[in-house]
Amino acid sequence: MTEPPLDLLAIAAHPDDAELTCGGTLARAAQQGHRTGILDLTRGEMASRGTPALRAEEAARAAKVLGVAVRINAGLPDARLENSLEARRIVVGHLRDLAPATVILPYPRGRHPDHRIASELGRDACFLAGLREYEGGPARRPEKILYAMAYREDAVKPTFVVPLTEEQFQRKIEAARCYASQFEGATAAGEIFPTGQPLVERIETESRHYGSLVRAPHGEPFHTDETMRVGDVTLLGVRSL
């Protein structure tokens, strides 16, 4: 590994997924001085709009907007993503190279098969990356896995919400707008079901809702399988009354 390890890595099935589900969190983390990255598993070559080459250009521009230090594409097949031995080997290799402390994965359920499989594949690869004898090592396992919950209609209550300032939210929107091939004139995308609103308005509605839960202008929701630990109950955020 020649680059410094990452503090935060988002693993997504397609270019633009990370921007929609956790772009604000990535922007906030970068502003806090953390080294962030995105691992896109596919090139989005099965999309009805745009081309893989164009989406790669859009992804690079969006990464700059969010302050992402590293963006890599694993080159796995779009709409044919599998949690296979070969796919795990490829993702483990990237995890070991990037050495992230925290990984954001898609929510385990979703209408797009690639999103569901990306979540399972990402979690399995995070575990396997810590096995010294797997593919000859080195053993590097992330310390924390977070599941991005935005736009879910079947999700449980978030474990926590990352508050976003107006400026951080606008960075998320600017990053999404980089994908003109996918989103210009759109009313739906990925897990975002249409409501008749333009896509940007739909994203803002969701963002303001989750922000309101933590008394912030905007927010992005996350789930963890493990229970969160609180060391001092007198310092808990968000007023109850």
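The values are calculated or read from the model by the stated rules, or taken from the named source; none is laboratory data. Because the structure is predicted, anything quoted here is derived from the model rather than measured. Heads up, the Cβs are rebuilt from the backbone with ideal geometry, glycines too, and the neighbour counts pull from every protein chain shown. Accessible surface is based on the protein model in full, side chains and every heavy atom, while ligands, DNA and RNA are left aside. Shrake-Rupley method; radii C 1.70, N 1.55, O 1.52, S 1.80 Å.
For this structure, a couple of remarks:
- Filtered residues of the stretch 111-133 (kept if in a helix (DSSP H, G or I) and not aliphatic (A, V, I, L, M)): P113, D114, H115, R116, S119, E120, G122, R123, D124, C126, F127
- Qualifying residue in the stretch 134-152 (condition: open to solvent by 20 Å² or more (accessible area, probe 1.4 Å), assigned to a helix (DSSP H, G or I) and not hydroxyl-bearing (S, T, Y)): yes
- Test: G219 is part of a strand (DSSP E or B) and either at pLDDT 95 or above or out of contact with any His (no Cβ under 8 Å at 6 or more places or on another chain) (or both): yes
- Of the strands (runs of 3 or more DSSP E) lying entirely inside the stretch 4-96, those containing at least 3 residues that are at pLDDT 95 or above, open to solvent by 40 Å² or more (accessible area, probe 1.4 Å) and closer than 27 Å to E184 by Cβ span 70-76.
- Of all the residues in the stretch 57-74, those that are free of Cβ contacts under 8 Å to residues at least 24 places away in the same chain and basic (K, R) number 1.
- Only residues that are open to solvent by less than 30 Å² (accessible area, probe 1.4 Å) and either in a strand (DSSP E or B) or touching a residue at least 24 places away in the same chain (Cβ under 8 Å) (or both) were counted across the stretch 183-205, and they come to 5.
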